[in-house]
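Participant: Take this structure first; my questions come after.
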Amino acid sequence: MTVVHPISRAWISTGGTGAQNYDEFADDAEITDIIAANPHSALAIEMPHLAPETLGTPFLDALPQAVARLALERAEGSYAPAEQVVVLYRITAPGEPAAVGLWSMVDTDQISARADEPGLVIRNEEVFLAKVRERVALAEALGTLLSPVLLLQTAKGDELHAALAAAVETAGDPFVTDTDQAGRTHALWVVGPGPLQDELTALAGGGELVVADGNHRSLAAQTGGLPRFLAVVTTPASVAIQPYNRLVSELAVPLPDLLARLRAAGATVTEVPRPAAIPAKGTIEMYAEGRTFTLGLPVDSRLDTVENLDHALVERVLLRDGLGLDPGDKRISYVGGDYSAEWLRAEVDAGRSELAVLIAPVSVDDFVTVNLERHKLPRKSTWFTPKARGGLVLAQLG
């Protein structure tokens, strides 16, 4: 019995509704600008408090506008209804291998967040509970899920990849295509009940599934008591991991004091006469006041391997011990790989932030190993690309 199922009541985009997921942005103002330029974007429903007409309204107070907007989009034909379907998904771009996946529903009771908790869906990354509460409230208000959890099939990834690629090859013209901000083309094919659907759901649910993107959405499904959640099941061959950096809007201590604290904690701190860039694994780069520093942060041999990964060292040694900041402090922005080192430096040079922290990406193999060994990654340590678009396939609840 597979843990991956068809979507009982789906709504498939007919065009123009696709959007970056709500948590892919370094600045909320970007969301407002996207909605203003494209009112049909699903971001207007996912983040109603940032839509131009309700900007500044608290999230919970803006939910009625989200409900009304979704109803209008359905009524005007922005989404086509379908029942008992899965959806083939292919993402392509020049110079990149094609990524493939399967939109479907996955059993929520299979989520395992601890080694002693049974389940085939492994979630081992820390989350921010305030974001989870917002996702729960949105799902309850809409009765619909708009953004998927991205899951990696680790046991039958090669078989699933081959089956999805073959299905797409013979599927004919896509139902709809959508182009994202990076120029990638997202194509969808709807698959109804039958042998192909059965084959794909069996392969997609044929082994442990690791949450690659959507940790908050998966926990929201649990917290909200949903029996199943919307997912795109993909394969390790379809994804890469880009850097996930940090910006600090305000230093809690002067820069010389921060450098002194880091050295006192056992870090090697070296100023280098060049712009800060994404470093090699094992080294951190830091940019402040127009100056670049390379950091070798001290590992703690008493802790397990994952606690000495670069992102964990930044959280523990630089942010907590050096700056006295909790990871959830509002002064810290988590900036994914869509934003370059040049962009990060520009934010500091313009005075919108006082510190940029640049960190090497985690490898896909390391990510899978850490999860299968049931360790817990630090918050916001993996920026997977290409990302599944929100607003392309919706799952109606109930």
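Participant: Can you pull out the residues in the stretch 111-159 that are among the acidic types (Asp, Glu) and closer than 22 Å to residue 19 by Cα?
Facilitator: Hits for the stretch 111-159 are 134, 140.
Participant: Within the stretch 60-119, which residues are under 30 Å from residue 198 (Cβ atoms), modelled with pLDDT under 95 and of a type in the set (D, E, K, R)?
Facilitator: Within the stretch 60-119, 117 is the sole residue that qualifies.
Conditions tested, residue by residue: (1) surrounded by fewer than 20 Cβ atoms within 10 Å (Cβ to Cβ); (2) in contact with a Phe, Trp or Tyr (Cβ under 7 Å, 6 or more places away or on another chain); (3) aliphatic (A, V, I, L, M); (4) without any contact (Cβ under 8 Å) to a residue 40 or more places away in the chain.
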site	(1), (2), (3), (4)
239	no, yes, yes, no
242	yes, yes, no, no
278	yes, no, yes, no
299	yes, no, yes, yes
340	yes, no, no, yes
347	no, no, no, no
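Participant: Counting just the residues of the stretch 349-373 that are polar (S, T, N, Q) and surrounded by fewer than 20 Cβ atoms within 10 Å (Cβ to Cβ), which one comes out farthest from residue 319 (Cα to Cα)?
Facilitator: Ranking the qualifying residues of the stretch 349-373, first place goes to 369.
Participant: Something else: Out of curiosity, is residue 257 in contact (Cβ under 8 Å) with a residue 40 or more places away in the chain and charged (D, E, K, R)?
Facilitator: So residue 257 does not fit the description; no.
Participant: So residue 2 fits all but one of (1) closer than 30 Å to residue 194 by Cα; (2) at pLDDT below 95; (3) under 20 Å from the mean Cα position of the chain (by Cα); (4) hydroxyl-bearing (Ser, Thr, Tyr); what number is the exception?
Facilitator: Of (1) closer than 30 Å to residue 194 by Cα; (2) at pLDDT below 95; (3) under 20 Å from the mean Cα position of the chain (by Cα); (4) hydroxyl-bearing (Ser, Thr, Tyr), only one is false for residue 2: (3).
Participant: Considering only residues that are crowded, with 16+ Cβ neighbours inside 10 Å and over 17 Å from residue 323 (Cβ atoms), which ones fall in the stretch 280-297?
Facilitator: 283, 292, 294
Participant: Among 10, 62, 71, which is buried (at least 23 other Cβ atoms within 10 Å of the Cβ) and either in a strand (DSSP E or B) or without any contact (Cβ under 8 Å) to a residue 24 or more places away in the chain (or both)?
Facilitator: 10
Participant: While we're here: Just for helices (runs of 4 or more DSSP H) wholly inside the stretch 309-398: which have at least 2 residues that are modelled with pLDDT under 90, within 16 Å of the chain's Cα centre (by Cα) and not basic (Lys, Arg)?
Facilitator: In the stretch 309-398, 364-372 are the helices (runs of 4 or more DSSP H) which contain 2 or more residues that are modelled with pLDDT under 90, within 16 Å of the chain's Cα centre (by Cα) and not basic (Lys, Arg).
Participant: Determine whether residue 57 is modelled with pLDDT of 95 or more, in the same structural domain as residue 144 (by TED's automatic domain parsing), in contact with a Ser or Thr (Cβ under 9 Å, 6 or more places away or on another chain) and assigned to a loop (DSSP other than H, G, I, E, B).
Facilitator: The answer is no for residue 57.
Participant: Test residue 17 against the stated conditions and say whether it is under 21 Å from the mean Cα position of the chain (by Cα) and among the polar types (S, T, N, Q).
Facilitator: yes
For (1) in contact with a helix residue (DSSP H, G or I) (Cβ under 6 Å, 6 or more places away or on another chain); (2) surrounded by 22 or more Cβ atoms within 10 Å (Cβ to Cβ), each residue gets a yes or a no:
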residue	(1), (2)
171	no, no
175	no, no
179	no, no
195	no, no
199	no, no
206	no, no
211	yes, yes
215	no, yes
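The values are calculated or read from the model by the stated rules, or taken from the named source; none is laboratory data. Note that the coordinates shown come from a computational prediction; the quantities given were computed from them, not determined experimentally. Glycine also receives a Cβ, built like all others from the backbone with ideal geometry; neighbour counts cover every protein chain displayed.
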